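Only one structure is covered here, and it is reproduced in the block below.
The values are calculated or read from the model by the stated rules, or taken from the named source; none is laboratory data. These numbers come from a predicted model, not from an experiment. Cβ placement follows ideal geometry from the backbone for every residue including glycine, while neighbour counts extend to all protein chains displayed. To get the accessible areas, we keep the full protein, side chains included, count just its heavy atoms, and leave off ligands, DNA and RNA. Shrake-Rupley method; radii C 1.70, N 1.55, O 1.52, S 1.80 Å.
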Amino acid sequence: ALVSVMPPSVPLFCLAFVLVGFFAPGSNALPYAKVVCARFDRHRGLALGLTVGGTAVGGALMPQYAGYLLRNFGWRVGYLGVAVAVAAFSLPALYFLVKMPRDSQLTPRTRKNNADLPKLSQIARTSRSFRQLGLAIFCMSGVMLALLSQLVPMMMDRGATIRVATSMLSIAGLSSAVGRLLAGYLMDRV
């Protein structure tokens with residue numbers, strides 16, 4: 001939303017995107033994955049798949065909406081419209097739907113039992129599988145973010161219209177949603 005009203009200033013533009021980069025992880029899967037894991041024992045993988053699949057559906061729909069705004073109203077209204085849509089859908093959902101179960105709070109007894117569990121730093125030092133999996137996820141996420149964030153400009157450089165380019169981004173989002181659901185289902189089975 002800030003980008004739509006900022007004066008043309010490279011330092012302000014950089015500051016805005018530093019803030020986006022700093023605060024964006026709070027809207028990623030990790031915060032609500034904790035809630036999903038606290039609520040589900042059986043079918044936890046499918047529940048996580050549905051949760052992160054929802055973000056992929058948003059990734060499929062948002063390019064169409066943003067493309068419409070860009071074509072008809074320009075980039076300033078496009079940024080503002082995307083910000084309004086994100087706030088209108090996510091804030092009520094977070095307020096009304098994302099709640100930790102009452103019994104999930106750690107009691108002194110469970111805290112004592114959890115003290116015996118290894119710390120992440122211990123797991124990372126001793127588990128080669130953990131390090132390999134972490135590196136693979138890091139690399140795949142970086143490649144996908146780099147590719148998808150530049151897909152529309154790359155396609156437009158190749159002569160595609162904004163409608164076609166945003167449609168390709170939507171297809172990538174939908175296939176990601178299906179992949180996430182399948183991964184969640186398989187996590188429960190394998």
For the chain, the longest principal axis of the Cα atoms and the Cα long axis of helix 44-73 enclose an angle in degrees, to the nearest 10, of 10 degrees
Chain lengthening between residue 28 and residue 178 when straightened (0.36 nm per residue, less Cα-Cα): 52.2 nm
Considering the dipole of the chain built from charges on the beta carbon (Lys and Arg +1, Asp and Glu -1) around the Cα centre, which of 22, 77, 37 is farthest to its positive end? 37
Lys, Arg +1 and Asp, Glu -1 on Cβ, resulting dipole of segment 1-114 about Cα centre, debye, nearest 20: 520 debye
Positive-end extreme of charge dipole, the chain - chosen from 7, 121, 147 (charges on Cβ): 121
MRE, 222 nm, helices only [DSSP H, n ≥ 4, -39500 (n - 2.57), over the chain, to nearest 500]: -27000 deg cm²/dmol
Expressed as a percent, the accessible surface of the chain that is carbon or sulfur, using a 1.4 Å probe and the full set of protein chains, is 71 percent
Once you charge only the Cβ atoms, +1 for Lys and Arg and -1 for Asp and Glu, what is the size of the charge dipole of the chain about its Cα centre, to the nearest 20 debye? 600 debye
Gained length - residue 71 relative to residue 125, 0.36 nm times residue gap less alpha-carbon distance: 14.3 nm
From most to least accessible, 1.4 Å probe, no ligand or DNA/RNA atoms counted, 171, 162 line up as 171, 162
Largest first, how would 32, 68, 95 line up by accessible area (1.4 Å probe)? 95, 68, 32
What label, among (i) 43, 25, 12; (ii) 26, 24, 16; (iii) 35, 20, 19, belongs to semi-axes √(5λ) of the Cα gyration tensor in Å computed from the structure on display? (iii)
Please compute the per residue accessible area over the chain with all protein chains in place, 1.4 Å probe, rounded to a whole number of Å². 74 Å²
State, as an integer percentage, the relative contact order of the chain based on alpha-carbon contacts under 8 Å between residues 6 or more apart. 41 percent
Which whole-angstrom value gives the distance between the alpha carbon centres of segment 47-88 and segment 5-21? 20 Å
Largest first, how would 27, 167 line up by accessible area (1.4 Å probe)? 27, 167
